[in-house]
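The structure under discussion appears below in the form of structure tokens.
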Amino acid sequence: DAQKTLAQGNQATADGDSAIRSAESALGGNDLSRMISAYIEGRGARRELHAAEKAVQAAMEIFGKTLAKWQRAADDVKSAAELNPSDTNAAHNAEVVDQNIAMLVDTLRKMQEMAGKIVGQKQQLGQLLGKLKGQIPAPDAPPGGPGDGDEDDDGSGVQPDSLQGKEEKAGRDGQ
């Protein structure tokens, strides 16, 4: 649904704007609790942006395929109208298909604009989160360890401090 996808993108970019403002404000001050709060808010906003980006990309792919099918259909209906000029239904159908194609192209343009805005915000937010992370002392650092700057920044693959340096013992073969 184009409207739901665009609404999700708009909400994610609004949350991204808020997180960017919070991060910039926290970087401007020297309040550790504001930095931590802005960092956590930024991570959440980046996750929302990532989900919205996936939804927009999926919608654009589906709409692109639909556009190709509708363009073929429009050509077929126009050919039928040319073969039988007295068939007013074919001419009307060609006009209706062309109108729907125009609306779909407009929707695709909106989706492309949204995708560009999301990507830009993700990059800006990622840079700000890196700066914030660099200014938060290790003992006070929020969840996630050094080097976990992956796209989702969910901390997966990072062991809790209680497990650092511990490894699972090798099991016996066949058991």
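Things to note:
- Measuring r between the beta carbons of Arg72 and Asp140 and using R0 = 45 Å, the FRET efficiency lands at 0.15.
- With the simple model of a label 7 Å out from the Cα in the direction of the Cβ, Gln123 to Ser25 spans 2.6 nm.
- Taking each residue as 0.36 nm, the span from Met103 to Ser37 lengthens on full extension beyond its C-alpha to C-alpha distance by 19.5 nm.
- Within-15-Å neighbourhood charge of Thr5 [Cβ basis; K, R +1; D, E -1]: -1
- A cut-off under 11 angstrom between Cβ atoms defines the neighbours of Ala90, and their net charge, with Lys, Arg +1 and Asp, Glu -1, is -3.
- Net charge contributed by nearby residues that have their C-beta within less than 12 Å of Met35 (K/R +1, D/E -1): -1
- A compact globular protein would have a Cα radius of gyration near 2.2 N^0.38 Å; the ratio found for segment 32-98 is 2.18.
- Measuring between their Cα centroids, segment 68-95 and segment 109-134 lie 44 Å from each other.
- Protection-proxy order for peptides 75-81, 64-70, 115-121, 17-23, each taking the mean of Cβ atoms within 10 Å per residue, highest first: 17-23, 115-121, 75-81, 64-70
- Taken over segment 1-149, the alpha-carbon convex hull comes to 94 cubic angstrom per residue.
Coordinate-derived values only; no laboratory data. Computed from a predicted structure; not experimentally measured. Neighbour counts are summed over all protein chains in view; Cβ atoms, including those assigned to glycine, are modelled from backbone coordinates with ideal geometry.
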